[in-house]
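The values are calculated or read from the model by the stated rules, or taken from the named source; none is laboratory data. Just so you know, these numbers come straight off a predicted model, no measurement behind them. Here the Cβ positions follow ideal geometry from the backbone for every residue, glycine too, while neighbour counts run over all protein chains shown. Ligands, DNA and RNA are stripped out before the accessible areas are found, and what is left, the full protein with its side chains, is counted by its heavy atoms. Shrake-Rupley method; radii C 1.70, N 1.55, O 1.52, S 1.80 Å.
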Amino acid sequence: MLRQPIPQVFDDHLYLQDYLPDHPRGYTQHTTPRVTVGSHQWYTWLADAQNKSFTFKSHFGSFTARHERQRNSWYWYAYRKQQGRIRKMYLGRPQELTAERLNSIAINLCTYSSCQHNYQLFEAKLRTPSLARDVLPRPRLLAKLQNSLETGLTVISAPAGWGKTTLLRQWHNEVVSQGCACSWLSLDKEDNQAIRFWSHFIAALEQVMPGLSDLVSIELFCAHATLTQGLHTLLHALDGLATPATLVLDNYHVLYAQEIHQALTTLIELMPLQLHLVIVSRTRPELPLARLRAQRLLNELHMDDLRFLQQEMLQLLPRLLAQPLTTEQYVTLATRANGWITALHLLVASIHEGGTIEEVCALPQRHLNDYMVEEVLLQQPEEIQRFLLATAPLDSFDISLASAVSLQANSEAMLDYLSRHNIFIEAQDSQRGWFRYQPLFSEVLRGYLRQHSASLLPELYLRACTWYQQNGLLNNALYYATQATGNAMIALPQAGNQLGNLTNYYPVVQAIPTLKHARRELFTQRENEVIDLLLQGASNREIAAKLIISEGTVKKHMANICGKLEVKSRTQALAKLMPQLTPALNSRDVPASRAG
C-alpha cells in the first residue's frame, strides 16, 4: 500500500498531502491550496483530531509535529532525531502554534553547534567581505570613521557602487590591527523576520563578546509580547563588554519590518558606550535620525562624502590602466566619472575593450548606461520610473515644476522617495527647494527616454516652457520652447495657446539667430559651446561635466571669451553677449531666471 505523504509547513504555509516537496516540480497534478500559518483555517486544521502530524522546516531547523492526547485533551509535540537520540518538546494547544512558536522550538531542537547546515549559513553572513588589491587608501574618510567611535551609531548611506562596503572593509582592517574587536553581519530580505534578525544579530555580537548567547535567550525575540524583555536582557548582558567593540550591519536597506527598526532604535539609545554600531545602506535607514542626531548619538557619511576627489581618481587611474595616458586624458576620465568610483571602473573596462578616450567619454557610454538602467532605473516602482523619465529633460526643478511636467500631483512624495533612496538626486540650495539629477544619471534617463518614448519629449519641453512662462521666467521659457523643436522661432507658433502671451517677446526671439551668427565669427566652436551653457546659467563645474573637460579648461575658455569681448568678468561678458535682449527684458520686468 502506497504511503501517504505527511503535510509540511515551511515559508509560513501548510502544504497538505497533495504537495510533494521532494518531487522534481514540487507539486503533484492535483495541488491542494496552501494554508497560511496563523490563519483561521490553520487553527481549524490543528484542532481537528483526525490530523495527526506535520513536518516543519525553516532556516533555523526542522522537526516533526505529532498530535497527541494527554489528560483527556489534545496537544501538539515536536520531535527531532539528533545523533541517534530523539528529542521531544512541547509545542502547545492548537491556538498556541504561531509562526514564532514554531521557529522558537526549531531553534531549541536544532542549535547552532548541532545543525551544520544552519552553521554554514550563519558563517557566510558573519564573514567579512574580501578586499580587492587595487583599492586606493582614503585616509580622510578613515579618520572620520575612527572619530565616529565616540558616538553610538554611524550611518553610511549612498547608492549602489559608491564604495560603502569597500571603505568599511578598509576601516575594519585598521580597527582590527589596533587590537579592537569588530564583527560583520550581512543582512538579506529574510532578516525581516524578527526571530531571524535577532538570532543573526546576537550571533554577530557573539564574535566580539564570547558567551553572549548563553546570557540571552533567543526565544524572547520570537514574540512581540516578550521583545521588550529580550532587549533588556541583551542590554544588561552588553554591560559586561570589557573593551570597545564594533558591529557592522551591511545591506540594511533590505529591512522593511518596522518592529525591527523600532527595537534597534531602543537598543541604540540605551546600549553601553563600549558598543558602536555601523549601518551600511543604499537608502536612508528607517530610524529616527533627527532624534539620534540631536542626542549626539549619530555620525553620518553620504554620497558626497564618498565621492572621490579628482586628485584621488588621478592617483588610482594609472593602477587600473595597462597603458599610460597623458595628464589631460586622465583628467578627462576623472571629470567624466564625476567622483563615482563604479563609473570610473566602467570607463576603464571600455578602454580595456579597445575604446579610445573620446569614444569612452562619448554620450551615452554603453557600460554606464546599462548599469544605471538595470541597477537603478528598472529597480524602482513603476510610478517612480514614470516620474524620473518625465522630469529627465529638466536641468533642475522644484516641486511645482516637477508636478507641471510629470502631471503627478504627489511630486513632493516622489522627491522625498528619491532623496531617501539615494536615487542620484541632489539639492541645489540649502533650503532644498530646487533639485537636479546627477549629470551621468540625467544623461542616462534622457537617453532611455529618447529610445523608448521619443514622441513624448517635445510635450515635456512645452510643459516646462508653459510653467516658466506662467512664472515670469522668460529666458527659461524660450530655452525649453527651443528644445521642443530645435528653433525658438518655430517653437513659438507651434506651441500655440500653451505659450500664451510669450509671443509678445517675438523681437527678443528674433534676435537670437543673429547673435549666434555673430558669435560664430568671433569665437571658436568650443568657446561657443561654453557660451551656450553660460547663458543657461551653468556653473564652471556644470559646463565641465556637460562638455567632458576639466574645470581648469573651462576657466581658460572663459578667459579667452572675456579677452575677445574686452571685459574682465563673467558678469560683464554676459551683459555684452546679448545687449539686444537687455532692453526687452527690462521693459517686461522679467524676474531673474533660474536655470531649469
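GLU219 meets all of the listed conditions (1) within 23 Å of the chain's Cα centre (by Cα); (2) farther than 24 Å from LYS144 by Cα but one, namely (1). Taking the listed residues LEU407, LEU418, LEU378, the one that is open to solvent by less than 10 Å² (accessible area, probe 1.4 Å), touching a helix residue (DSSP H, G or I) at 6+ places or on another chain (Cβ under 8 Å) and not aromatic (Phe, Trp, Tyr) is LEU418, with no other qualifying.
Select from segment 401-439 the residues that are part of a loop (DSSP other than H, G, I, E, B) and over 17 Å from the mean Cα position of the chain (by Cα) and list them in ascending order.
The answer is LEU407, GLN408, ALA409, ASN410, GLN428, ASP429, SER430, GLN431, ARG432, GLY433, TRP434.
GLU123 meets all of the listed conditions (1) surrounded by fewer than 19 Cβ atoms within 10 Å (Cβ to Cβ); (2) modelled with pLDDT under 85; (3) within 30 Å of GLN70 (Cβ to Cβ) but one, namely (3). Scanning segment 247-265 for residues that are in contact with a Leu (Cβ under 7 Å, 6 or more places away or on another chain) and polar (S, T, N, Q) turns up ASN251, THR265. Here GLU426 clears all of (1) touching a strand residue (DSSP E or B) at 6+ places or on another chain (Cβ under 7 Å); (2) of a type outside the set (A, V, I, L, M, F, W, C); (3) surrounded by 19 or more Cβ atoms within 10 Å (Cβ to Cβ) except the condition numbered (3).
Every test in (1) modelled with pLDDT under 90; (2) more than 24 Å from GLU100 (Cα to Cα) is passed by THR228 save one, and that test is (2).
Whenever a residue of segment 305-324 is of a type in the set (Asp, Glu), its partners that are not in a helix (DSSP H, G or I), lying with C-beta atoms within less than 8 angstrom and at least six residues away or across chains, give the pairs GLU312/LEU136; GLU312/ARG138.
Okay, residues lined up against (1) modelled with pLDDT of 95 or more; (2) crowded, with 19+ Cβ neighbours inside 10 Å; (3) in contact with a strand residue (DSSP E or B) (Cβ under 6 Å, 6 or more places away or on another chain); (4) part of a strand (DSSP E or B):
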residue	(1), (2), (3), (4)
GLY240	no, no, no, no
THR246	no, yes, yes, yes
TYR256	no, no, no, no
GLU259	no, no, no, no
LEU273	no, no, no, no
ILE279	yes, yes, yes, yes
LEU287	no, yes, no, no
ARG291	no, no, no, no
GLU300	no, no, yes, yes
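Looking across GLU206, GLU219, one residue alone is open to solvent by 60 Å² or more (accessible area, probe 1.4 Å), part of a helix (DSSP H, G or I) and either in contact (Cβ under 8 Å) with a residue 60 or more places away in the chain or farther than 16 Å from ILE195 by Cα (or both). It is GLU219. Within segment 529-540, residues that are within 11 Å of ASP395 (Cβ to Cβ) and assigned to a loop (DSSP other than H, G, I, E, B) sit with their Cβ atoms under 7 Å from residues that are open to solvent by 20 Å² or more (accessible area, probe 1.4 Å) and of a type in the set (Ser, Thr, Tyr), at 6+ positions apart or across chains, in these pairs: GLN536/TYR479; GLY537/SER593.
Residue count for segment 180-190, restricted to those that are surrounded by 17 or more Cβ atoms within 10 Å (Cβ to Cβ), of a type outside the set (Ser, Thr, Tyr) and under 24 Å from the mean Cα position of the chain (by Cα): 3. Scanning segment 172-179 finds no residues that are modelled with pLDDT of 90 or more and buried (at least 21 other Cβ atoms within 10 Å of the Cβ).
Residues are listed down the side, and each one gets a yes or a no for (1) open to solvent by 20 Å² or more (accessible area, probe 1.4 Å); (2) in contact with a Leu (Cβ under 7 Å, 6 or more places away or on another chain); (3) modelled with pLDDT under 90:
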site	(1), (2), (3)
GLN29	yes, no, yes
SER39	yes, no, no
LYS52	yes, no, no
LYS57	yes, no, yes
PHE60	no, no, yes
GLN82	yes, no, yes
ILE86	yes, no, yes
TYR90	yes, no, yes
GLN116	yes, no, yes
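For ASP250, the criteria (1) under 30 Å from GLN229 (Cα atoms); (2) open to solvent by 30 Å² or more (accessible area, probe 1.4 Å) hold in every case but one, which is (2).
Here GLN193 meets each of (1) open to solvent by 40 Å² or more (accessible area, probe 1.4 Å); (2) in contact with a Lys or Arg (Cβ under 9 Å, 6 or more places away or on another chain); (3) closer than 17 Å to LEU220 by Cα with one exception, condition (2).
Taking every residue in segment 155-180 that is free of Cβ contacts under 8 Å to residues at least 60 places away in the same chain and pairing it with any residue that is crowded, with 20+ Cβ neighbours inside 10 Å and assigned to a helix (DSSP H, G or I), at least 6 positions away or on another chain, the pairs with Cβ-Cβ distances below 6 Å are TRP171/LEU145.
For segment 160-171, a residue qualifies if it is of a type outside the set (Lys, Arg) and open to solvent by 10 Å² or more (accessible area, probe 1.4 Å), and the qualifying residues are ALA160, GLY161, GLY163, THR165, THR166, GLN170. Residue count for segment 145-179, restricted to those that are part of a helix (DSSP H, G or I), within 18 Å of LEU131 (Cα to Cα) and not small (Gly, Ala, Ser): 14. Residues of segment 346-374 that are under 27 Å from ILE423 (Cα atoms), open to solvent by 50 Å² or more (accessible area, probe 1.4 Å) and assigned to a loop (DSSP other than H, G, I, E, B): LEU363, PRO364. For segment 143-159, give me each residue that is crowded, with 16+ Cβ neighbours inside 10 Å, farther than 14 Å from LEU273 by Cβ and not β-branched (Val, Ile, Thr). Across segment 143-159, the qualifying residues are LYS144, LEU145, SER157, ALA158, PRO159. Give the residue that is surrounded by the fewest Cβ atoms within 10 Å (Cβ to Cβ), with candidates limited to residues of segment 126-142 that are touching a strand residue (DSSP E or B) at 6+ places or on another chain (Cβ under 8 Å) and assigned to a loop (DSSP other than H, G, I, E, B). Per the criteria, the residue is ARG127. Residue-level analysis places ARG520 among those that are at pLDDT below 75 and either touching a Pro at 6+ places or on another chain (Cβ under 7 Å) or under 30 Å from LEU333 (Cα atoms) (or both).
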